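Report on the following structure.
Any read-out appearing in this document is the output of simple, stated calculations on the displayed coordinates, not a laboratory observation. All figures in this text were calculated on a predicted structure; none of them were measured in a lab. Note that we place each Cβ from the backbone using ideal geometry, even for glycine, and neighbour counts take in every protein chain shown.
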Amino acid sequence: MNCETAQQNIVLAHYGELPDDLHSSLEQHLDSCEDCRREWHLLAELNEELAARPLPEPSPNLLAASRMRLDDALDSMPPRSIAQRLRSNTYQVSHAPRQTAPVTIFNPAGGGIASVSGIVQTPNSDVVQVKYNRLVPETVQGSLDDPQIRSLLIQGTKLASNNEVHAASVALLAGECIAGHSCDDDASGSAGIRTALLASLRADRSPAVRLKALAGLQPYVAQDVQVRNAVLDSLMYDQSPEVRTQAIGLLAPVQADSSVRRVLRTVSTDANPAVRYASYRALQGTTDIQ
């Protein structure tokens, strides 16, 4: 799906008119295209603003006058033939609006989520309050172990209405992994916490958020090759020296791996002194300096 088609579908989705078979492709495009995600957020904010402004009710006099004018107009129309009525009925049936569900970002039973707009953690507890928007703002509160809270936090890494909410979502999910709680994909194959952290590590613009994602992935470097490769990619290509240096530290449990040693040797001559020194120290620990 290209951006032009996606932006047309975003409008249809917000008004519940997007066909069911286009939901998945729109979600995939939003995951990978920041411009279209911004368009989604802008339309969600517009809908939120409109929902906060109640429509004025027409006065009884206006309704009565409108009905009288409609009755007069109908009375003045010539009677239609049987063929005309059949054509009209056929057109109305074939062009009747389709009843489609709103775009579902994460939970088909719960309706469409426009954006995650607020996260507040109760001090000294694992209770988190998440505010999310559909057509009007809604709020849910529960434990970090609650599946709905987790799903909303995962959406917060992709559809947050501001950077603060986005960073808080990544930090809380990373904390769950660091604490040893389950961060795998769920039984239905839906993306879990680990997948969300990998996406943030690879694509997030904020070095601080990438650092939080790295910290959350640390428990899985030794056992998950996909996580290990993502950390190696960060070490090689991330623009932040701090992220690259932390990536070296995360690789300590797997420094005996040949692919890890190869990357460490490559960055041991890096232009950045912090990265160069950290890789040198890591190679010293493996007696593999060349």
Worksheet, complete the sentence: Taking a crude spin-label model, label points 7 Å out from Cα along the C-beta direction, the residue 21 to residue 208 distance in nm is 4.6 nm
Response to the item:
Length gained, residue 148-residue 1, 0.36 nm per residue minus C-alpha separation, equals 50.0 nm
Worksheet item: Roughly what would the spin-label model give for residue 53 and residue 67, points 7 Å off Cα along C-beta, in nm?
Response: 3.0 nm
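Given a Förster distance of 30 angstrom, what is the FRET efficiency for residue 269 paired with residue 224, based on the Cβ-Cβ distance and rounded to 0.05?
After rounding, the FRET efficiency stands at 0.55.
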Worksheet item: Under a 5 Å amide H to amide H cut-off, with H placed in plane at 1.01 Å, what residues pair with residue 138 once short-range neighbours are removed?
Response: 132, 133
Worksheet, complete the sentence: Rounded to one decimal in nm, the spacing of the 7 Å Cα→Cβ label points at residue 259 and residue 32 is 2.1 nm
Practice prompt. Choose one of 226, 172, 203: the residue whose Cα lies farthest towards the positive end of the charge dipole of segment 155-252 (beta-carbon charges +1 Lys, Arg; -1 Asp, Glu; about the Cα centre).
Written response: 203
Discussion item. Please list, in order along segment 19-28, the HN-Hα scalar couplings obtained from phi with the Karplus expression 6.51 cos²θ - 1.76 cosθ + 1.60 (θ = phi - 60°), rounded to whole Hz, x for Gly and Pro.
Written reply: x, 4, 6, 9, 4, 5, 5, 5, 4, 5
